[in-house]
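These notes are about the structure you will find just below.
The values are calculated or read from the model by the stated rules, or taken from the named source; none is laboratory data. These figures come from a predicted structure and were not determined experimentally. All Cβ positions, even for glycine, are placed from backbone atoms using ideal geometry, and neighbour counts span all protein chains on display.
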């Protein structure tokens, strides 16, 4: 394991400490109330996400909303799946980042507005992502002038990206259509890896308790053994036939083991893997104005442009 960005560790650690100090403990707030607050703004601020005029809201694949960003020059299509613990977030939540990626990597970016838990628990979200991925296989050439497809996302979006690739392979016999996967700090074992269980109650963006609550919303009624089903936790799946991947996680992320374990299994299954482990980074670090965020976004762009 190679750790990157150690020269930024002082800045990153100071930000983590500031974030942890400023963030109030959830305490005994009812889950529904906490979820409502998170949905208003996942960062706890007052400003709503910026929505750019370059974003196009569409409905594809028989009824799934997406938000598309199409630059003047298109060399590929990136299917983006947002994060948010399967319960918050939106396709229109990071227009500035997605439009910058579209322009600089010459990609049409299609972000999925999948249904959210707990109102729509598993398998609703994966079903929506699968439908859009399948639609792009059939329609990308006509819609965007290219058959070069890429997939990826952050956190829950990384998990859904892997499930989508597995569903395309297992349900439709499709391998090779998506040429690369960008997987940023995803949860791949919903029965909880050791790093998830041992992280504890630190008030960073994600911790042991918040992950457990996310899994309960997304897969209500399932126990740990049920969540080890490969259709729920891709760490337990046969990963043969999947494309090259770039897997990223921070050393202060409770999902550290998930990325380390998935990278090892992905490579063992025969596909190249770039593993990036960012010194001192907490879960969701790319949401914040840090040096490591600028570097990670550039590395992601370079990977997707060259895949």
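General remarks:
- Here 300, 231, 225, 296 are screened, and the one residue that is over 15 Å from the mean Cα position of the chain (by Cα) and either free of Cβ contacts under 8 Å to residues at least 40 places away in the same chain or part of a helix (DSSP H, G or I) (or both) is 225.
- Which numbered condition residue 93 fails, given (1) buried (at least 20 other Cβ atoms within 10 Å of the Cβ); (2) modelled with pLDDT of 95 or more; (3) under 19 Å from the mean Cα position of the chain (by Cα): (2)
- Boolean, residue 222 is crowded, with 17+ Cβ neighbours inside 10 Å and within 25 Å of residue 123 (Cβ to Cβ): yes
- Among residues of the stretch 162-181 that are within 16 Å of residue 125 (Cβ to Cβ), those with a beta-carbon under 7 Å from a residue that is surrounded by fewer than 20 Cβ atoms within 10 Å (Cβ to Cβ) and at pLDDT 95 or above at least six positions away or on a different chain give the pairs 168/134; 168/174.
- Taking the criterion of being closer than 19 Å to residue 125 by Cα and either touching a strand residue (DSSP E or B) at 6+ places or on another chain (Cβ under 6 Å) or surrounded by fewer than 17 Cβ atoms within 10 Å (Cβ to Cβ) (or both), the only residue of the stretch 189-212 that qualifies is 212.
- When the stretch 135-147 is filtered for residues that are under 23 Å from the mean Cα position of the chain (by Cα) and surrounded by 19 or more Cβ atoms within 10 Å (Cβ to Cβ), the ones remaining, listed by number, are 136, 140.
- Subset of the stretch 249-284 (residues that are buried (at least 21 other Cβ atoms within 10 Å of the Cβ), closer than 27 Å to residue 170 by Cα and out of contact with any helix residue (DSSP H, G or I) (no Cβ under 8 Å at 6 or more places or on another chain)): 259, 263, 266
- Test: residue in the stretch 149-162 that is touching a helix residue (DSSP H, G or I) at 6+ places or on another chain (Cβ under 6 Å), under 22 Å from residue 245 (Cβ atoms) and surrounded by fewer than 21 Cβ atoms within 10 Å (Cβ to Cβ): no
- Entry remark, the stretch 261-283: residues being within 16 Å of residue 6 (Cβ to Cβ) and out of contact with any strand residue (DSSP E or B) (no Cβ under 9 Å at 6 or more places or on another chain) number 0 in total.
- Note on the stretch 146-173: residues that are in a loop (DSSP other than H, G, I, E, B) and either touching a strand residue (DSSP E or B) at 6+ places or on another chain (Cβ under 9 Å) or within 22 Å of residue 300 (Cβ to Cβ) (or both) amount to 4.
- Set side by side, the residues 251, 286 differ, and just one is in a helix (DSSP H, G or I) and under 30 Å from residue 7 (Cα atoms), which is 286.
- Of residues in the stretch 234-248 being out of contact with any helix residue (DSSP H, G or I) (no Cβ under 6 Å at 6 or more places or on another chain) and assigned to a loop (DSSP other than H, G, I, E, B), the one surrounded by the fewest Cβ atoms within 10 Å (Cβ to Cβ): 240
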